[in-house]
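Chemist: Quick one: the structure is below, questions incoming.
The values are calculated or read from the model by the stated rules, or taken from the named source; none is laboratory data. No experiment lies behind these values; they were computed from the predicted model shown. Because the Cβ atoms are built from the backbone with ideal geometry, glycine has one as well, and the counts that use them run over all protein chains shown.
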Amino acid sequence: MNIIVCAKDVVDASEMKIDSNTNKPILEGISKKISDIDKNAIEEAIKIKEKHGGKITAITVGTPDSKERIKELLAMGADEGVLIPYPEKYDYHIVSKLLAEAIKKINEYDIIICGEASTDFFSGQIGPKIAGLLNISQITYAFNLNVEKDKIIGERNMGENSVTTESSYPVLVTVTKEINEPRLPSLMEILGAANKPIHEWNADSLLNDTNTKIETIDIKGISMERKNIVFKDNIDDSVTKLVDSLSKDGVLG
Amino acid sequence: MIYMVLVFSDNRNLNIELLSKGSELAKELGEKLTTIIIGKSDEELANEYIAFGAEEVYIAENEIEFFKSEEFSDIIEKIINETNNNYILIGSNKNGKELASRLAGKIDAGCIIDCSNIYFKDKKITAERTVYSGNAISIEQFNSLPAILTVSSKVFDPLKKDEKNKGNIVKKKYDIEKSSSKIINVKEMQSESVNVEDAEIIVSCGRGFKNKEDIKYANELADTLKGKTIGCSRPIAADLKWLSEDHWIGLSGHKVKPKLYIAAGISGQIQHIAGMRDSGIIVAINKDPEALIFKSADYGIVGDLYEVLPKLATALKNKIS
Ligand SMILES: Cc1cc2nc3c(=O)[nH]c(=O)nc-3n(C[C@H](O)[C@H](O)[C@H](O)COP(=O)(O)OP(=O)(O)OC[C@H]3O[C@@H](n4cnc5c(N)ncnc54)[C@H](O)[C@@H]3O)c2cc1C
């Protein structure tokens, strides 16, 4: 089974602060990580490989330093990494095109796995968009996968319904966070990953047309203003004060 | 070039909401608003869509039993090619999101998922969406057409139904490309039919609860308040399964905006906050004085929820009666 995993290197939104002067999120100095659900994607790929053998390639469209995070994916169990540095201008469209072209270049693949969405923008369009670009079938929002030699069966969380879908290969799968618990690599595995290759492919070498279709014209921070009154006395007093406050705020009726 | 607006959702209510926005955009363009029904020929529904603002309804008649992106995107692509629609609004339920994204790949279009607002700015279609777990709003503009945008339920209000509206119904059969996937089972998710999105008051449970039975303390508190809705953090629904997923609040759960949100035994991670940050008043009950949730709360009580919840229920009962 040859598996390709698309993994995004994102800023950790839990560290994000809003600049009170410009009202913009401060992106500098925030640590980066592989988007959580993409780690579930890698984990699932490793499980499939453990059962069926094969090769796992992890692709990231990212910044030059995303290499550091790709190493984590290699330590977990991916065999090779591919880094495609962001072109000067990019949008969802360019990123999915770059991934689709990189997948075509790898050529031999049975399953492409993506997280259901990345934790920074939570758009979730890249996976099914790649399936559309490659014109292959898709199994989205999988919380359970059963991989057999000539078919894959996914149980999917579609909100009101749980839908079971079967497909032959090649197929694109998106997984939810519930599908598994991503492993933490051991020190030996981290050291071992240093010998695994990370290829760097240029956007220009993959795409002729690098025009974006969407431009982000502004990003506005939303700061959450709250009263932050914390009652720390004995519980009876705290409860009385809380009920009085809620009653004054008029939210009990 | 024709700039028509096309609207599609497999969910009736959501489609009616999209028709409202669609008709506003179509008016601004001086163009027609079209919608699509895929499946059985349902003229009653088509007429209803016309009463809610559609000027043309395509009925793509076929035997498809269950939604499948491969087939639906194929049909919509064919209709787009026939009609030259350039602005495509799709309902952002899970079916709609994967459909819109796949369609964008097939027709080489830009796509924006989960728009919270859509308008023309400098004559270009522009959308707003929440990013970074609710920390920011990103304003994104198409510099190319066709444009595909998805919108969740309750973002736009439907137009008033007007039975006098006139519209055109086009019935057609389309050959569907065979895809190599098939749906082998559809079953309803376990649910308790709660609707946290419409709730006025929510008492929400986190990992601070030690047993499934203890959720009763939250229930007893909720019972003293109008609204009576129980919510929860991800682990309670996804990992422990003490409550069904319709209670789940957060980035990957439901987005809620009650006038009062009481979080008990919830640590306040950003992914939980993303689902409840628009609440009116937020109350946190947590035994850890350093818990993050206090930063996102109006009022907090530092204490053991097993002691606080019963006392709070009694105090509220006395206050309200
Ligand atoms: C991609 C992604 C998506 C996610 N989506 C969501 C989502 O939609 N919704 C969501 O909720 N989470 C989501 N999460 C998970 C989120 O990061 C947190 O892990 C989760 O919200 C924690 O749940 P919790 O607060 O109930 O549990 P914990 O973080 O374990 O917190 C339990 C709290 O209870 C307190 N406590 C313990 N005992 C008591 C007691 N007796 N009395 C009072 N307080 C007590 C503790 O001090 C602690 O603060 C997501 C995570 C990721 C990575």
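Chemist: Please enumerate the residues belonging to region A:186-210 that are within 14 Å of chain B (Cβ to nearest Cβ) and loosely packed, with under 12 Cβ neighbours inside 10 Å. Spell out the reasoning first.
Modeler: Initial filter on region A:186-210 (within 14 Å of chain B (Cβ to nearest Cβ)): A:207-210.
Passing the criteria: A:Asn208, A:Asp209.
Chemist: Let me ask another. Give region A:212-244 a look and list any residue that's without any contact (Cβ under 8 Å) to a residue 60 or more places away in the chain and over 22 Å from B:Asp288 (Cα atoms), or say none. Show your work before the answer.
Modeler: From region A:212-244, those without any contact (Cβ under 8 Å) to a residue 60 or more places away in the chain are A:217-218, A:224-244; that's our starting set.
Within region A:212-244, A:Ile217, A:Asp218, A:Asp244 qualify.
Chemist: Would you say A:Ala13 is under 26 Å from B:Gln269 (Cβ atoms) and more than 13 Å from chain B (Cβ to nearest Cβ)?
Modeler: Numbers: under 26 Å from B:Gln269 (Cβ atoms): yes; more than 13 Å from chain B (Cβ to nearest Cβ): no.
Answer is no for this residue.
Chemist: From the list B:Glu82, B:Glu43, exactly one residue is free of Cβ contacts under 8 Å to residues at least 40 places away in the same chain and either β-branched (Val, Ile, Thr) or surrounded by fewer than 21 Cβ atoms within 10 Å (Cβ to Cβ) (or both). Which is it?
Modeler: On the way: B:Glu43 fails: free of Cβ contacts under 8 Å to residues at least 40 places away in the same chain.
Just a single option satisfies the conditions, and that option is B:Glu82.
Chemist: Moving on to the next point. When you go through (1) within 12 Å of the ligand (Cβ to nearest atom); (2) surrounded by fewer than 23 Cβ atoms within 10 Å (Cβ to Cβ); (3) more than 7 Å from chain A (Cβ to nearest Cβ) one by one for B:Lys317, which number turns out not to apply?
Modeler: Unmet condition: (1).
Chemist: Pick from A:Ser238, A:Ser162, A:Ser205: which is of a type outside the set (A, V, I, L, M, F, W, C) and more than 30 Å from A:Ser137 (Cα to Cα)?
Modeler: Values: A:Ser162 fails: more than 30 Å from A:Ser137 (Cα to Cα); A:Ser205 fails: more than 30 Å from A:Ser137 (Cα to Cα).
Answer to the selection: A:Ser238.
Chemist: Would you mind finding the one in B:Leu159, B:Leu243 that is within 16 Å of the ligand (Cβ to nearest atom), assigned to a loop (DSSP other than H, G, I, E, B) and modelled with pLDDT of 95 or more?
Modeler: Residue meeting the stated conditions: B:Leu243.
Chemist: Here is a follow-up. Are there any pairs with C-beta distances below 6 angstrom linking a residue in region B:97-111 that is in the same structural domain as B:Glu70 (by TED's automatic domain parsing) and among the hydrophobic types (A, V, I, L, M, F, W, C) to a residue that is surrounded by fewer than 24 Cβ atoms within 10 Å (Cβ to Cβ) and part of a helix (DSSP H, G or I), with the two at least 6 apart or on different chains, and if so which?
Modeler: B:Ile107/B:Glu77
Chemist: Here is a further query. For region A:148-169, which residues satisfy the criterion of being small (Gly, Ala, Ser), part of a loop (DSSP other than H, G, I, E, B) and within 17 Å of A:Gly115 (Cα to Cα)? I'd like the intermediate steps shown before the answer.
Modeler: To start, the set of residues in region A:148-169 that are small (Gly, Ala, Ser) comprises A:154, A:159, A:162, A:167-168.
Of the ones still in play, those that are also part of a loop (DSSP other than H, G, I, E, B) are A:159, A:168.
Passing the criteria: only A:Gly159.
Chemist: Only one residue in B:Lys187, B:Lys173 is closer than 21 Å to B:Gly96 by Cα and either over 21 Å from the mean Cα position of the chain (by Cα) or not aliphatic (A, V, I, L, M) (or both). Which one? Give the derivation first.
Modeler: Details: B:Lys173 fails: closer than 21 Å to B:Gly96 by Cα.
Answer to the selection: B:Lys187.
Condition check ((1) under 15 Å from A:Val239 (Cα atoms); (2) buried (at least 19 other Cβ atoms within 10 Å of the Cβ); (3) assigned by TED's automatic domain parsing to the domain that holds B:Ile230; (4) more than 8 Å from the ligand (Cβ to nearest atom)) across all residues:
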site: B:Gly280; (1), (2), (3), (4): no, no, yes, yes
site: B:Val283; (1), (2), (3), (4): yes, yes, yes, yes
site: B:Ala291; (1), (2), (3), (4): no, yes, yes, no
site: B:Lys295; (1), (2), (3), (4): no, no, yes, yes
site: B:Asp298; (1), (2), (3), (4): yes, yes, yes, yes
site: B:Leu312; (1), (2), (3), (4): yes, yes, yes, yes
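Chemist: Would you say B:Ile64 is within 17 Å of B:Ile169 (Cβ to Cβ) and touching a residue at least 24 places away in the same chain (Cβ under 8 Å)? Give the derivation first.
Modeler: On the way: within 17 Å of B:Ile169 (Cβ to Cβ): no; touching a residue at least 24 places away in the same chain (Cβ under 8 Å): yes.
So B:Ile64 does not fit the description; no.
Chemist: When residues of region B:150-162 are filtered for being exposed (fewer than 15 other Cβ atoms within 10 Å of the Cβ) and either in contact (Cβ under 8 Å) with a residue 40 or more places away in the chain or within 11 Å of another protein chain (Cβ to nearest Cβ) (or both), how many remain? Let's see the steps before the verdict.
Modeler: Applying the first criterion (exposed (fewer than 15 other Cβ atoms within 10 Å of the Cβ)) to region B:150-162 yields B:154, B:157, B:160-162.
Subsequent filtering for residues that are either in contact (Cβ under 8 Å) with a residue 40 or more places away in the chain or within 11 Å of another protein chain (Cβ to nearest Cβ) (or both) retains B:154, B:157, B:161-162.
Within region B:150-162, residues that are exposed (fewer than 15 other Cβ atoms within 10 Å of the Cβ) and either in contact (Cβ under 8 Å) with a residue 40 or more places away in the chain or within 11 Å of another protein chain (Cβ to nearest Cβ) (or both) number 4.
Chemist: Can you report the number of residues in region B:169-209 which are within 16 Å of the ligand (Cβ to nearest atom), more than 14 Å from chain A (Cβ to nearest Cβ) and either free of Cβ contacts under 8 Å to residues at least 24 places away in the same chain or hydrophobic (A, V, I, L, M, F, W, C) (or both)?
Modeler: Summing the residues that are within 16 Å of the ligand (Cβ to nearest atom), more than 14 Å from chain A (Cβ to nearest Cβ) and either free of Cβ contacts under 8 Å to residues at least 24 places away in the same chain or hydrophobic (A, V, I, L, M, F, W, C) (or both) in region B:169-209 gives 2.
Chemist: Somewhere in region A:12-23, is a residue in a helix (DSSP H, G or I), over 18 Å from the mean Cα position of the chain (by Cα) and either charged (D, E, K, R) or in the same structural domain as A:Tyr92 (by TED's automatic domain parsing) (or both)?
Modeler: Step one: of region A:12-23, the residues in a helix (DSSP H, G or I) are A:13-15.
So of that shortlist, the ones also over 18 Å from the mean Cα position of the chain (by Cα) come out as none.
No, region A:12-23 contains no residue that is in a helix (DSSP H, G or I), over 18 Å from the mean Cα position of the chain (by Cα) and either charged (D, E, K, R) or in the same structural domain as A:Tyr92 (by TED's automatic domain parsing) (or both).
Chemist: Is it the case that region B:78-96 has a residue that's under 18 Å from B:Lys160 (Cα atoms) and assigned to a helix (DSSP H, G or I)?
Modeler: Here is the first cut: in region B:78-96, the residues under 18 Å from B:Lys160 (Cα atoms) are none.
Looking for residues that are under 18 Å from B:Lys160 (Cα atoms) and assigned to a helix (DSSP H, G or I), one finds none in region B:78-96, hence no.
Chemist: Scan region B:116-132 residue by residue and report those that are more than 19 Å from B:Met4 (Cβ to Cβ) and either outside the structural domain of B:Leu89 (by TED's automatic domain parsing) or of a type outside the set (D, E, K, R) (or both).
Modeler: Of the residues in region B:116-132, the ones more than 19 Å from B:Met4 (Cβ to Cβ) are B:116-117, B:121-122, B:128-132.
Result: B:Ser116, B:Asn117, B:Thr130, B:Val131, B:Tyr132.
Chemist: Pick from B:Ser153, B:Ser133: which is under 29 Å from A:Gln138 (Cβ atoms), in a loop (DSSP other than H, G, I, E, B) and at pLDDT below 95? First the steps, then the outcome.
Modeler: Working: B:Ser133 fails: in a loop (DSSP other than H, G, I, E, B).
Answer to the check: B:Ser153.
Chemist: Inside region A:102-125, can you point out the residues that are of a type in the set (A, V, I, L, M, F, W, C) and within 15 Å of the ligand (Cβ to nearest atom)? So that I can check it myself, show each step before the final result.
Modeler: As a first pass, look at region A:102-125 and keep what is of a type in the set (A, V, I, L, M, F, W, C): A:102-103, A:106, A:111-114, A:117, A:121-122.
A:Cys114, A:Ala117, A:Phe121, A:Phe122, listed by residue number.
Chemist: Which numbered condition in (1) closer than 30 Å to B:His254 by Cα; (2) buried (at least 21 other Cβ atoms within 10 Å of the Cβ) is the only one that B:Val57 fails?
Modeler: So B:Val57 meets the others, but not (1).
Chemist: Related question: Looking at the structure I just gave you, is B:Val256 within 14 Å of the ligand (Cβ to nearest atom) and farther than 30 Å from A:Ser123 by Cα?
Modeler: Details: within 14 Å of the ligand (Cβ to nearest atom): yes; farther than 30 Å from A:Ser123 by Cα: no.
Answer is no for this residue.
Chemist: Now, a different point. Of B:Asn117, B:Asn143, B:Asn165, which residue is within 9 Å of chain A (Cβ to nearest Cβ) and more than 24 Å from A:Val10 (Cα to Cα)?
Modeler: On the way: B:Asn117 fails: within 9 Å of chain A (Cβ to nearest Cβ); B:Asn165 fails: within 9 Å of chain A (Cβ to nearest Cβ).
Exactly one residue qualifies, and that residue is B:Asn143.
Chemist: Give B:Phe72, B:Phe8, B:Phe67 a once-over and let me know the one that is of a type in the set (Phe, Trp, Tyr) and surrounded by fewer than 24 Cβ atoms within 10 Å (Cβ to Cβ).
Modeler: Details: B:Phe72 fails: surrounded by fewer than 24 Cβ atoms within 10 Å (Cβ to Cβ); B:Phe8 fails: surrounded by fewer than 24 Cβ atoms within 10 Å (Cβ to Cβ).
Going through B:Phe72, B:Phe8, B:Phe67 in turn, just one is of a type in the set (Phe, Trp, Tyr) and surrounded by fewer than 24 Cβ atoms within 10 Å (Cβ to Cβ): B:Phe67.
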